[in-house]
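The values are calculated or read from the model by the stated rules, or taken from the named source; none is laboratory data. Bear in mind the structure is a predicted one, so any value in this text is a computation, not a measurement. Heads up, the Cβs are rebuilt from the backbone with ideal geometry, glycines too, and the neighbour counts pull from every protein chain shown.
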Amino acid sequence: MAQPQQMLSVALDFLKTNYNFNTFQEPRGVMRVFQFVFSIWGFFAVRDFSFEVRMDCQDALYNRVHNIDYPFEFGEYVCRRRIGDQKTDNTTIFLSVDASTGAQFFALTAVLSLLYALFIIFVYCYLDEMYKSKPEFPMADFALTGILAFFWLIFSLALNSGASAMKSTFNVQNLAHSCYNCDPKVSSFTDLNIALMIGFLNFFLWASDLWFLYKETIWFQNRGVIYNQQMFSQQQQQYVGSNYDQQQQQYGQTSSYDQQQQYTQQPQQFGQQHYGQQQQGYDQYGQQFGQM
């Protein structure tokens, strides 16, 4: 007995000392809390809903109250059929409706969602470093969240279809028109409408959380790396192009300056040569004049 107690104490110490609530300052952590709460609400909203059909008939055989609750299956004779103003002994109205498939899958989705939300909250609290260090964990989290979001959408639509069938089957005006000497009364479907609203709200919560989870996956991170590489290559190309243009400009300025120097040197050289020739002529003329 000592070993299980030691394991329990170690587990409790781990839970007390290694938690980290920083994730719940991020959208992905806050969304998990909302998902957990609304999954529980959706489960109890559909499980606790029930309504009654009260048939106040003069015929004691059909004067009764029918209670319909989860999973919303019903099939009974409820009254004698009205044919004009007379009744017939052998004609009765049999009402049948089956909305169990949508309701049961709706409840199953709620259970799976709250269990997964509870599990991933534990991971965020105690194993967030491992979650971030291994790319498989965010990818699996993203995939499972997408599957549950799809389930919420599909089975909310299925439950809505079943609710429409029940409302049509137990329409008070239709029952009063079809039943002879009966005053039918049907309770409200407000709680079922609330369950449907919660189902679609859960779909919104789980679907919108996909964006925040996508940012944790390697797909988004690789996208950022590729974008940075593209930006770096563009900047590098711009840098190389600007250097090339500067070199071209410098080369053009140097060439024009050299040509200008050549143009200025040539007249100077020509002037110096012409002046030297004239000076030599003057010297020769002076020597000849001295000899004379």
Review point. Consider Phe105 against the criteria (1) crowded, with 20+ Cβ neighbours inside 10 Å; (2) modelled with pLDDT of 95 or more: it satisfies all of them except one. Which criterion is unmet?
Key: (1)
**Study point:** Among (1) under 21 Å from Tyr77 (Cα atoms); (2) touching a helix residue (DSSP H, G or I) at 6+ places or on another chain (Cβ under 9 Å), the one test that Ala176 misses
**Key:** (2)
Check your understanding: Just checking, how many residues over the stretch 40-64 are exposed (fewer than 13 other Cβ atoms within 10 Å of the Cβ), over 46 Å from the mean Cα position of the chain (by Cα) and either under 15 Å from Leu205 (Cβ atoms) or not polar (S, T, N, Q) (or both)?
Key -> 2
Practice item. Could you please find all residues in the stretch 25-67 being assigned to a loop (DSSP other than H, G, I, E, B) and not aliphatic (A, V, I, L, M)? Key: Glu26, Asp48, Phe49, Gln58, Asp59, Tyr62, Asn63
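Rundown of residues vs (1) buried (at least 17 other Cβ atoms within 10 Å of the Cβ); (2) modelled with pLDDT under 90; (3) of a type outside the set (Val, Ile, Thr), yes/no style:
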| position | (1), (2), (3) |
| --- | --- |
| Gln6 | no, yes, yes |
| Thr17 | no, yes, no |
| Thr23 | yes, yes, no |
| Arg28 | yes, yes, yes |
| Phe38 | yes, no, yes |
Point to revise | Glu76 being assigned to a strand (DSSP E or B), of a type in the set (Asp, Glu) and at pLDDT 90 or above | key: no
